[in-house]
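Below is one structure, written out as structure tokens, with a few remarks after it.
The values are calculated or read from the model by the stated rules, or taken from the named source; none is laboratory data. Bear in mind the structure is a predicted one, so any value in this text is a computation, not a measurement. Reconstructed Cβ throughout: ideal geometry from the backbone, glycine too, with neighbour counts over all protein chains shown. Protein only, heavy atoms only, side chains kept; ligands, DNA and RNA dropped before computing areas. Shrake-Rupley method; radii C 1.70, N 1.55, O 1.52, S 1.80 Å.
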Amino acid sequence: MQKDLEITLLPHQVEQPEIIKAKLAEGLSIQENRIKSFEVLKRSIDARSRKVIFRLQVKVFIDEEPHLEIQVVNYQNVSNAKPVLIIGAGPAGLFAALQCIENGLKPIIIERGKDVKQRRRDLAAINKQGLVNTESNYCYGEGGAGTYSDGKLYTRSNKRGDINKVLQVFVDHGAEKDIIIDARPHIGTNKLPHIITSIKETILNAGGEVMFDTQMTDIITEFGKVKGIEINFEDKLFADHIILATGHSARDVYELLHKKNILIEAKPFALGVRIEHPQEIIDAAQYHCDIRSEFLPPAYYSLVEQVGARGVFSFCMCPGGIIAPCATGENEIVVNGWSPSKRNNPFANSGTVVQVTLDDVLGYDPLRMLNFQSEIEKLAFEAGGGNLVAPAQRMMDFVNNKLSIDLPKNSYLPGTKSVMLDNILPEFVSKSLKAALPLFGKKIRGYYTNEAILVGVESRTSSPVRIPRDKETFQHPQIKGLYPCAEGAGYAGGIVSAAIDGINCANAILKAT
């Protein structure tokens, strides 16, 4: 007999099976010896009251041993199968490739950046010297932006596809099994590169191909159908199906589509700053304590406030994390955040952004939101003075229109410069942030403080362009065989949702073949 039960535990009890078993027996009103085994299905932290607890959803096996079903994915050899071109080796591209293999199709991944090993050198140059390789950086390369984006796997995309399938693929390639049960699963930037490399090896071993340092420079079409692509301005690859999984920073792809009169649309996005606090401030507020228990992870938060008709919200919160320079071009500043698996850095950071609507940037140009985004990033670069030094301001100084005399110690390695962020951010963004930050301080004790630093700019929250597609076939309405996919096309917002969209595009191709 099997039963599901929710139990609550104190933090120090979570890793003690005998206590869990006793709690289960008590909750089911049975003798402990009747419980032959149990499986934790979900685990979450409840910090709403002063006593922080863990909530566990548990499957209990009573009077019977569990029947273990080992599911092994059969990645058949597809060396000689029908090819599918996948543009981009981010989460969407990699999971699309795996699904193509399951479906008996041969994936050929085209990635403009380098593999993980080679990519590390370019990231070191970004952090230490402020030098951006426009083809190999935090956004371009093996694994895409996902490789160095912290590895957050939390998503609300359960209606779009099988989240557990995505999580299981990560586990099969080296991630901890805890990501399947945790309410807010997280891998860690330090572990992701090895996992991404393992996924690539699975693709190659099944007869797929991955081409690095290879940029798609044209899409070849004929009579409203794709025929293939041009790479590196000279060679050509031919296929009847192309998955466009290029991410939200590949601006040249949007420009290429626009130049070829392939329909694209301007899309709203969000713009703001990355805010960093000492982690101990967030821990004390969220866990109602002076010092966080060793049995609790560094605390996170999620904040949202409506300022007039405009939303202001936290985004991609990184406990124990680092602010990273994520520019993909010269003379621009873009910041993002990530955490290692242990989340053991002394700071907590989060994007804190304001909605930018189509009415904020008037015109009919489908690239107008992208151009607006780019202008802000260039202003930030100029304000920082070069070498990816980022403009910054203390939180209360920003709200009170004061230039910060100095800046707190922070995690942004290229360095920060004290500026008036009002000179960079659009007025409606500044005003909305200034209204929201004190209100956030009422929700989280200690949040509104001059110990917090605002680092600009957080601008790549989502794509400022949408590439339209049919809801049923996933194909572009004008170009048969072209499958706009994931974040770069405006249909996903994170690792898991991008992976699911890649899977869905691959399955759509199977239906079309």
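Taking the criterion of being assigned to a strand (DSSP E or B), open to solvent by less than 20 Å² (accessible area, probe 1.4 Å) and under 17 Å from I453 (Cα atoms), the residues of the stretch 256-292 that qualify are L271, G272, V273, R274, I275, E276, H277. If the condition is being under 24 Å from I444 (Cα atoms), open to solvent by 40 Å² or more (accessible area, probe 1.4 Å) and either assigned to a strand (DSSP E or B) or free of Cβ contacts under 8 Å to residues at least 60 places away in the same chain (or both), then the stretch 317-356 contributes N336, W338, N344, Q355. Of the residues making up the stretch 293-316, those that are open to solvent by less than 70 Å² (accessible area, probe 1.4 Å), closer than 19 Å to E451 by Cα and in contact with a Ser or Thr (Cβ under 9 Å, 6 or more places away or on another chain) are P298, Y301, L303, S314.
Of all the residues that make up the stretch 338-362, how many are closer than 26 Å to K431 by Cβ and either in contact with an Asp or Glu (Cβ under 7 Å, 6 or more places away or on another chain) or modelled with pLDDT of 95 or more (or both)?
Initially, the stretch 338-362 is screened for residues closer than 26 Å to K431 by Cβ, giving 348-362.
Now restrict to residues that are either in contact with an Asp or Glu (Cβ under 7 Å, 6 or more places away or on another chain) or modelled with pLDDT of 95 or more (or both): 348-361.
The number of residues fulfilling the criteria is 14.
Sort out which residues of the stretch 358-378 are open to solvent by 70 Å² or more (accessible area, probe 1.4 Å) and touching a residue at least 12 places away in the same chain (Cβ under 8 Å), and write them in order of number. The one that is open to solvent by 70 Å² or more (accessible area, probe 1.4 Å) and touching a residue at least 12 places away in the same chain (Cβ under 8 Å): K378. Cβ-Cβ distances below 8 Å connect the following pairs, each with a first residue in the stretch 171-194 that is without any contact (Cβ under 8 Å) to a residue 60 or more places away in the chain, a second residue that is assigned to a helix (DSSP H, G or I) and open to solvent by 50 Å² or more (accessible area, probe 1.4 Å), and a separation of six or more residues or different chains: V171/K177; G174/H194; I180/N164; I180/Q168; P185/D178. Could you check how many residues of the stretch 477-500 are out of contact with any His (no Cβ under 7 Å at 6 or more places or on another chain), open to solvent by 10 Å² or more (accessible area, probe 1.4 Å) and not basic (K, R)? Counting residues in the stretch 477-500 that are out of contact with any His (no Cβ under 7 Å at 6 or more places or on another chain), open to solvent by 10 Å² or more (accessible area, probe 1.4 Å) and not basic (K, R) gives 9. For first residues located in the stretch 258-273 and over 30 Å from F398 (Cα atoms), partners that are in a strand (DSSP E or B) and among the hydrophobic types (A, V, I, L, M, F, W, C) and lie 6+ apart or on another chain with Cβ distances below 8 Å form the pairs K260/I219; I262/I219; I262/L482; I264/V465; E265/V465; A266/V465. May I ask you to list pairs of residues, at least six apart or on different chains, whose Cβ atoms are under 6 Å apart, with the first in the stretch 96-118 being over 22 Å from P484 (Cβ atoms) and the second being assigned to a helix (DSSP H, G or I) and open to solvent by less than 10 Å² (accessible area, probe 1.4 Å)? As it stands, the answer is V116/P193, since those pairs meet every condition given.
Looking across the stretch 28-54 at every residue that is among the charged types (D, E, K, R) and touching a strand residue (DSSP E or B) at 6+ places or on another chain (Cβ under 6 Å), the one that is farthest from Y300 (Cα to Cα) is identified as R34.
Summed over the stretch 502-512, the residues that are open to solvent by 10 Å² or more (accessible area, probe 1.4 Å) and in contact (Cβ under 8 Å) with a residue 40 or more places away in the chain give a count of 5. For first residues located in the stretch 127-148 and at positive phi, partners that are of a type in the set (S, T, N, Q) and surrounded by fewer than 24 Cβ atoms within 10 Å (Cβ to Cβ) and lie 6+ apart or on another chain with Cβ distances below 6 Å form the pairs G130/N387. Checked against (1) open to solvent by 50 Å² or more (accessible area, probe 1.4 Å); (2) of a type outside the set (D, E, K, R); (3) under 21 Å from G130 (Cα atoms); (4) in contact with a Ser or Thr (Cβ under 9 Å, 6 or more places away or on another chain), G385 passes all but condition (4).
Within the stretch 226-236, not a single residue is of a type in the set (F, W, Y), more than 30 Å from G456 (Cβ to Cβ) and either in contact with a Pro (Cβ under 6 Å, 6 or more places away or on another chain) or surrounded by 19 or more Cβ atoms within 10 Å (Cβ to Cβ) (or both).
Considering only residues of the stretch 66-82 that are surrounded by fewer than 20 Cβ atoms within 10 Å (Cβ to Cβ) and at pLDDT 95 or above, which is farthest from Q215 (Cα to Cα)? If you could, list the steps in order and put the result at the bottom.
Here is the first cut: in the stretch 66-82, the residues surrounded by fewer than 20 Cβ atoms within 10 Å (Cβ to Cβ) are 66-77, 79-82.
Next, only the ones that are at pLDDT 95 or above stay: 77, 79-82.
Details: N77: 26, S79: 23, N80: 24, A81: 24, K82: 22 Å.
Among those that are surrounded by fewer than 20 Cβ atoms within 10 Å (Cβ to Cβ) and at pLDDT 95 or above, it is N77.
Of all residues in the stretch 184-223, those satisfying the criterion of being open to solvent by less than 30 Å² (accessible area, probe 1.4 Å) and assigned to a loop (DSSP other than H, G, I, E, B) are P185, I187, G188, T189, A206, G207, G208, T214. Count of the stretch 34-57 residues, restricted to those that are in contact with a helix residue (DSSP H, G or I) (Cβ under 9 Å, 6 or more places away or on another chain) and without any contact (Cβ under 8 Å) to a residue 12 or more places away in the chain, is 0. Checked against (1) open to solvent by less than 30 Å² (accessible area, probe 1.4 Å); (2) over 30 Å from N103 (Cβ atoms), Q16 passes all but condition (1). The residue that is farthest from the chain's Cα centre (by Cα), among those in the stretch 231-255 that are part of a loop (DSSP other than H, G, I, E, B) and among the acidic types (D, E), is E234. Exactly one residue out of E375, E332 is in contact with a Lys or Arg (Cβ under 7 Å, 6 or more places away or on another chain) and among the acidic types (D, E): that is E332.
Just one of T189, T197, T221, T214 is touching a Phe, Trp or Tyr at 6+ places or on another chain (Cβ under 6 Å) and of a type in the set (V, I, T); which is it?
Being touching a Phe, Trp or Tyr at 6+ places or on another chain (Cβ under 6 Å) and of a type in the set (V, I, T) holds for just one of T189, T197, T221, T214, which is T189.
Cβ-Cβ contacts under 9 Å between residues 6 or more apart (or on different chains), taken from a first residue in the stretch 198-217 that is without any contact (Cβ under 8 Å) to a residue 24 or more places away in the chain to a second residue that is not aliphatic (A, V, I, L, M), are listed as E201/H173.
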